[in-house]
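The values are calculated or read from the model by the stated rules, or taken from the named source; none is laboratory data. None of the values given here were measured: they were computed from a predicted structure. Counting neighbours? That spans all protein chains shown, and the Cβs are built from the backbone with ideal geometry, glycine included.
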């Protein structure tokens, strides 16, 4: 098990940032009017995927290069010019000086999440005979999205509009694989896996409300872990709200907290 140090944070933050910039690129190809785009500045990825998108933010800020006021000037202008506020997901390993700089510029914390990791399992998955998990093809993007939207919007109705376009974008995103889980032949859960330089990012998996507590989430986890192993990954990661059910479920599956991350927010000037 790797130590939770700067090197590990580099790998984890880069994997998530890469997945989000790929999402923005896929959205721009699928919906050309979206204006989705991204830049790299001082080692950080700044991703714009719409004014209200949860993926409009930075990743790796202050982690690969020392955070400076000129760097923030460039990144803030990137978001402000597009009518968006500025959000940074910040690893605690950036150090006190970086956090002090954010505070001095008027940023405030709005979210706390835990980044979790574990080695990738190499053995074949096992689950109940009536449950099957498969990689969904491009022709199943609508079905995958339908299951995902039903599962996520039941608990998070505020992101339903974002989710409605998610299936088409996820199917077009590079280096990401969509999975469907079925129970007795009925599709009931959807999940995604993004791979970058040996790190497998387990995106949120959702289950239709009427098929919960049937083992679909565990089967999705096992099959995605097996896929990651087969495709050369040595490290798995997840991100969950601190002390949430998602974190508890991840820890039951052998994940452990690498570090606690804070999202810093600066309101748009427009």
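Residues in the range 144-160 that are out of contact with any strand residue (DSSP E or B) (no Cβ under 6 Å at 6 or more places or on another chain) and without any contact (Cβ under 8 Å) to a residue 60 or more places away in the chain: 145, 146, 149, 150, 153, 154, 155, 156, 157, 158, 160. The residues of the range 38-57 that are in contact with a strand residue (DSSP E or B) (Cβ under 7 Å, 6 or more places away or on another chain) and crowded, with 17+ Cβ neighbours inside 10 Å, listed by number, are 38, 44, 45, 46, 47, 48, 55, 56, 57.
Checked against (1) modelled with pLDDT of 95 or more; (2) over 22 Å from residue 211 (Cβ atoms); (3) in contact with a strand residue (DSSP E or B) (Cβ under 8 Å, 6 or more places away or on another chain), residue 175 meets all criteria but (1). Do we find that residue 136 is outside the structural domain of residue 57 (by TED's automatic domain parsing) and touching a strand residue (DSSP E or B) at 6+ places or on another chain (Cβ under 6 Å) in this structure? Yes: the conditions hold for residue 136. Taking the criterion of being on the phi > 0 side of the Ramachandran plot and more than 18 Å from the chain's Cα centre (by Cα), the residues of the range 146-189 that qualify are 184, 185.
Residues that are surrounded by 23 or more Cβ atoms within 10 Å (Cβ to Cβ) and touching a helix residue (DSSP H, G or I) at 6+ places or on another chain (Cβ under 8 Å) within the range 7-37 comprise 23, 27, 36, listed in sequence order. Residues in the range 149-172 that are crowded, with 23+ Cβ neighbours inside 10 Å, at pLDDT 75 or above and closer than 17 Å to residue 49 by Cβ: 169 only.
Do you know which residues across the range 58-92 are in contact with a strand residue (DSSP E or B) (Cβ under 9 Å, 6 or more places away or on another chain) and on the phi > 0 side of the Ramachandran plot? Correct list: 60, 62. If the condition is being outside any loop (DSSP other than H, G, I, E, B) and crowded, with 17+ Cβ neighbours inside 10 Å, then the range 113-130 contributes 113, 114, 115, 116, 117, 118.
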